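Remarks on the structure that follows.
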Amino acid sequence: MENRFKLFTVLTSKVNRCIRKIKAEEMAEFDLKSTHVSCLYYLYEEAGLTAKELCDICDEDKAAVSRAIDYLETNGYLTCDSKTIKRYKTPIMLTEKGLNVARKVNEKVNRILNEASVGLSEENRVVFYKSLALISENLEKICDK
């Protein structure tokens with residue numbers, strides 16, 4: 001049992017640490033942080049998401065996404081055509097600059113995912129993600145108790 005605990009906690013920590021390091025290194029050229037990357041990635045995949053939808057899909061809190069949107073808008077990556085101060089339900093669109101950077105971000109993400117999956121068959125990858133999702137759901141249930 002100890003080995004199982006150690007494997008689970010150490011390996012998930014290593015994966016998380018590597019993801020943070022890769023995001024920081026790969027996105028330094030764009031001067032982007034983790035939440036910025038997630039917003040650009042998902043807006044590129046599905047144009048016109050709202051801040052609320054970005055919060056849900058990125059699994060980030062409202063404040064973090066709001067700060068990311070403000071940063072990206074201020075720096076010309078996206079636009080939000082809301083006439084009101086409360087823009088939480090207004091679709092957000094990538095600008096030309098945002099589209100160009102998001103395309104590069106997505107290429108990097110896909111390259112890294114492919115490299116991280118080397119040696120894994122498609123069947124094993126599907127089982128892995130299904131198992132990881134189940135573990136995540138189970139841990140969330142435990143946390144919500």
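Return the residues of the stretch 118-145 that are surrounded by 11 or more Cβ atoms within 10 Å (Cβ to Cβ) and over 17 Å from N16 (Cβ atoms); say none if nothing qualifies. Within the stretch 118-145, L120, N124, R125, V126, V127 meet the criteria.
Annotation: of all residues in the stretch 11-20 being at pLDDT 90 or above and within 18 Å of L113 (Cβ to Cβ), the one that is nearest to the chain's Cα centre (by Cα) is N16. Can E60 be described as surrounded by 15 or more Cβ atoms within 10 Å (Cβ to Cβ), touching a residue at least 60 places away in the same chain (Cβ under 8 Å) and closer than 22 Å to Y129 by Cβ? For E60, the condition - surrounded by 15 or more Cβ atoms within 10 Å (Cβ to Cβ), touching a residue at least 60 places away in the same chain (Cβ under 8 Å) and closer than 22 Å to Y129 by Cβ - is not met. Within the bounds of the stretch 85-104, is there any residue that is buried (at least 18 other Cβ atoms within 10 Å of the Cβ) and in contact (Cβ under 8 Å) with a residue 60 or more places away in the chain? Taking every residue of the stretch 85-104 in turn, at least one turns out to be buried (at least 18 other Cβ atoms within 10 Å of the Cβ) and in contact (Cβ under 8 Å) with a residue 60 or more places away in the chain.
Every residue, every condition in (1) modelled with pLDDT under 95; (2) more than 23 Å from D56 (Cβ to Cβ), yes or no:
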site	(1), (2)
I85	yes, no
K89	yes, no
M93	yes, no
N110	yes, no
G119	no, yes
S131	no, no
L134	no, no
E140	yes, no
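Residues of the stretch 17-29 that are among the basic types (K, R) and surrounded by 13 or more Cβ atoms within 10 Å (Cβ to Cβ): K23 alone. The single residue among L40, L54, L32, L49 that is under 29 Å from R17 (Cβ atoms), in contact with a Pro (Cβ under 9 Å, 6 or more places away or on another chain) and either surrounded by 16 or more Cβ atoms within 10 Å (Cβ to Cβ) or hydroxyl-bearing (S, T, Y) (or both) turns out to be L49.
Quick one: would you say Y71 is modelled with pLDDT of 90 or more, over 21 Å from L132 (Cβ atoms) and among the aromatic types (F, W, Y)? It is true that Y71 is modelled with pLDDT of 90 or more, over 21 Å from L132 (Cβ atoms) and among the aromatic types (F, W, Y).
The values are calculated or read from the model by the stated rules, or taken from the named source; none is laboratory data. These numbers come from a predicted model, not from an experiment. Using ideal geometry, Cβ is built from the backbone for each residue, glycine included, and neighbour counts are taken over all protein chains shown.
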